[in-house]
Amino acid sequence: MIQKIAQGAGVRQNAPSTQGGKAKNTAGFGAMLQGEMQKQVNFSKHAISRAEERGIELTPTLMEKLAGSVEKAQEKGAKNILAFSDTQAFIINVPYGRVITTMSGEEMRENIFTNIDGAVLL
């Protein structure tokens, strides 16, 4: 006969798992992973095609600057920012760390930026 286990009987919830006598904090790992993932910046298909069209090279240095811009904007509570230098600009959705579009310095002079709540100089 199969006996049902009483709900909660003998089961510890939210207890750290143990392996080799050492406790693991899985919630802490998840938070660390989430934090590391947020430090990365990714590009929408639209932004990738615009960068290619406009000759914007996505170097590791530029990617670090963009990630730093997102991190600063998160600290201030911004949702959509303009990250720019004299030669290029990026509209970034901060919560998702996603570059929405890119433009060259020449195009920046001809545009009005709307629906942003912050700007970061690269």
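Only the coordinates and a few stated rules stand behind these numbers; no lab work does. Because the structure is predicted, anything quoted here is derived from the model rather than measured. All Cβ positions, glycine included, derive from the backbone under ideal geometry; neighbour counts span all protein chains shown.
Volume per residue for the stretch 41-121 equals 80 cubic angstrom (convex hull of Cα atoms).
Positive contributions from Lys and Arg (+1) and negative ones from Asp and Glu (-1), summed over other residues with Cβ under 10 Å from the Cβ of T102, come out at -1.
So, counting K/R as plus one and D/E as minus one, what does the shell of residues with Cβ under 15 Å around A47 add up to? So the environment of A47 carries a net charge of 0.
Proximity of backbone amide H atoms, modeled 1.01 Å from N, is registered between Q88 and G105 at under 5 Å, excluding neighbours fewer than 5 places apart on the same chain.
Straight-line reach only, C-alpha to C-alpha below 15 angstrom: list the aspartates and glutamates that K79 could link to, leaving out same-chain residues fewer than 8 apart. Result set, ordered by chain and number: E71, D117. Per-residue Karplus couplings for the stretch 67-78, computed as 6.51 cos²θ - 1.76 cosθ + 1.60 with θ equal to phi - 60°, are listed in order as 4, x, 5, 5, 4, 4, 5, 4, 4, 8, x, 6 Hz, Gly and Pro entered as x.
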